[in-house]
Amino acid sequence: MGFETKTPWYFEGLRFHCRKCGNCCCGPREGYVWLTQIEIESIADTLKISVKQVMQKYCRRVGDRISLIERYDNKNCIFLRDNCCAIYDVRPKQCRTWPFWISSLSTNDAWEKATENCPGINNGCLYSFEEIQKIMG
Ligand code: SF4
Ligand code: SF4
């Protein structure tokens, strides 16, 4: 009896090139950008403020997790400025790995669904299967 090896549907790679439209950082729906302690420390270092200040000014607790807050008027991420990320170099993993999330890679339909809000998907550079796995961590 042998092992069945299932080839992922995206084995030939996928195309993505960010158009910097800002959609993935915007409302109007509420969302979550999850942060680890290390990511909070990196943001604090970058902004030259304390971890406590980052927590007070930019974060909220959701259960036992921490998320960035959003602007109250439009639900945009608190760090979105002129369609650009104000903490780009230290943006959380959730942001760095989009669109190569387990959820969007689960099926071809899920990937196509993600194109509805992200014009960068299926455009531009071809990411190999190995590169995608590496990005996903
Ligand atoms: S929605 Fe897609 S194309 Fe637009 S900024 Fe986000 S990742 Fe880039
Ligand atoms: S941290 Fe930056 S990349 Fe992530 S949602 Fe906020 S503005 Fe977008």
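The values are calculated or read from the model by the stated rules, or taken from the named source; none is laboratory data. Because the structure is a prediction, the values reported are computed rather than measured. Note: ideal-geometry Cβ built from the backbone for every residue, glycine included; neighbour counts use all protein chains shown. Heads up: the accessible areas ignore ligands, DNA and RNA and are worked out on the full protein's heavy atoms, side chains in. Shrake-Rupley method; radii C 1.70, N 1.55, O 1.52, S 1.80 Å.
Among the residues making up the stretch 114-137, those that are of a type in the set (D, E, K, R) and under 18 Å from C18 (Cβ atoms) are E116, E131, K134.
Within the stretch 72-81, is even one residue of a type in the set (A, V, I, L, M), touching a residue at least 12 places away in the same chain (Cβ under 8 Å) and surrounded by 12 or more Cβ atoms within 10 Å (Cβ to Cβ)? Write out each step before concluding.
Quick first cut of the stretch 72-81, residues of a type in the set (A, V, I, L, M) only: 78, 80.
Narrowing the set further to residues that are touching a residue at least 12 places away in the same chain (Cβ under 8 Å) leaves 78, 80.
From the residues that got through so far, the ones that are surrounded by 12 or more Cβ atoms within 10 Å (Cβ to Cβ) too are 78, 80.
Yes; the residues of the stretch 72-81 include at least one that is of a type in the set (A, V, I, L, M), touching a residue at least 12 places away in the same chain (Cβ under 8 Å) and surrounded by 12 or more Cβ atoms within 10 Å (Cβ to Cβ).
Here D82 passes the criteria (1) modelled with pLDDT under 95; (2) within 13 Å of ligand 1 (Cβ to nearest atom); (3) within 27 Å of K134 (Cα to Cα) except the one numbered (3). The criterion of at least 1 residues that are β-branched (V, I, T) and touching a helix residue (DSSP H, G or I) at 6+ places or on another chain (Cβ under 8 Å) is met, among helices (runs of 4 or more DSSP H) falling completely within the stretch 70-133, by 93-97, 102-105.
Among the residues making up the stretch 1-14, a single one is of a type in the set (G, A, S) and open to solvent by 30 Å² or more (accessible area, probe 1.4 Å): G2. Listed by first and then second residue, the pairs with beta-carbon distance under 6 Å, at least 6 apart or on different chains, first residue in the stretch 10-31 and away from ligand 1 (no atom under 14 Å from the Cβ), second of a type outside the set (A, V, I, L, M) and in a loop (DSSP other than H, G, I, E, B), are G13/S128; P28/K75; E30/K75.
A search for C-beta distances below 6 Å between a residue of the stretch 121-137 that is at negative phi and any residue that is open to solvent by 70 Å² or more (accessible area, probe 1.4 Å) and of a type in the set (A, V, I, L, M, F, W, C), counting only pairs 6+ apart in sequence or on different chains, returns F129/F11. With respect to (1) among the aromatic types (F, W, Y); (2) within 30 Å of F11 (Cα to Cα); (3) away from ligand 2 (no atom under 15 Å from the Cβ), the lone exception for Y72 is condition (2).
Within the stretch 93-131, which residues are among the aromatic types (F, W, Y) and open to solvent by 50 Å² or more (accessible area, probe 1.4 Å)?
Quick first cut of the stretch 93-131, residues among the aromatic types (F, W, Y) only: 98, 100-101, 111, 127, 129.
Residues satisfying the conditions are W98, W101, Y127.
How many residues does the stretch 15-66 contain that are more than 12 Å from ligand 2 (Cβ to nearest atom), open to solvent by 50 Å² or more (accessible area, probe 1.4 Å), under 18 Å from F100 (Cβ atoms) and assigned to a strand (DSSP E or B)? Counting residues in the stretch 15-66 that are more than 12 Å from ligand 2 (Cβ to nearest atom), open to solvent by 50 Å² or more (accessible area, probe 1.4 Å), under 18 Å from F100 (Cβ atoms) and assigned to a strand (DSSP E or B) gives 1.
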